[in-house]
Amino acid sequence: MTPLPEDPSQEDPSRRIGEADRDSAVERLQQAYAEGFIPHEEMDVRLHRALTAETHGDLASALRSLPAQEPAPKSTSTIAAAGGRIKRRGAWRVPRTLKVESAYGRVHLDLSKAVFEHPVVDIELALGTGRAKITVPRDATVDLDGLQTGWKDSHYVPRSGRDGRDGPTIRITGAMGFGRLKVRHARR
């Protein structure tokens, strides 16, 4: 579902909405009703407005005066090993934020067949020594600007000739001590 902005007035009020926006508004109204912020009589009116809304302005009138929406909890996982190998491959769910920690040893993350539930994924590396290799989907966009390397620079060659990037954006940050990071796109 597409989360609605905390303040619906920030959106262009004339911009049309989709079903995901409408569903998010209904969920927000139900939550506010359950928490006692909306009386029963008013709930029916607001639900009707949300379900028949066609623009962000229509949704804003249905959500007016509700308390600020709490941000969704961040999906974070950590893979850690003091030594030895860290390896992930196949069809595995990639969290919104993945922390990879290793004092020494090799790291191989194969994201080519992974399931991405988020359009942007942050991979935070905390590696002492050893090599790291990350294989990303063919249509992924990779950002290495937040990565600090101590000994060798990372190796990444972006794919060329991709105008319609529909894949995830993978931001790799953190620090590597003595080792090298290789990032490559999957061949298929």
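The values are calculated or read from the model by the stated rules, or taken from the named source; none is laboratory data. Keep in mind the model is a prediction, meaning the values are calculated, not measured. Counting neighbours? That spans all protein chains shown, and the Cβs are built from the backbone with ideal geometry, glycine included.
Structural remarks
- So Ser102, is it loosely packed, with under 14 Cβ neighbours inside 10 Å, out of contact with any helix residue (DSSP H, G or I) (no Cβ under 6 Å at 6 or more places or on another chain) and not charged (D, E, K, R): no
- Any hit, segment 63-72, residues being under 21 Å from the mean Cα position of the chain (by Cα), surrounded by 11 or more Cβ atoms within 10 Å (Cβ to Cβ) and either under 30 Å from Phe116 (Cβ atoms) or at pLDDT below 85 (or both): yes
- Breaking point among (1) in a loop (DSSP other than H, G, I, E, B); (2) at pLDDT 90 or above; (3) not charged (D, E, K, R), for Gly84: (2)
- Flag not set for Ser154, criterion: surrounded by fewer than 20 Cβ atoms within 10 Å (Cβ to Cβ) and without any contact (Cβ under 8 Å) to a residue 12 or more places away in the chain.
- Sole residue being surrounded by 14 or more Cβ atoms within 10 Å (Cβ to Cβ) and more than 28 Å from the chain's Cα centre (by Cα), chosen from Arg49, Arg22: Arg49
- Candidates Arg49, Arg28, filtered to the one that is at pLDDT below 90 and either hydrophobic (A, V, I, L, M, F, W, C) or closer than 19 Å to Gly18 by Cβ (or both): Arg28
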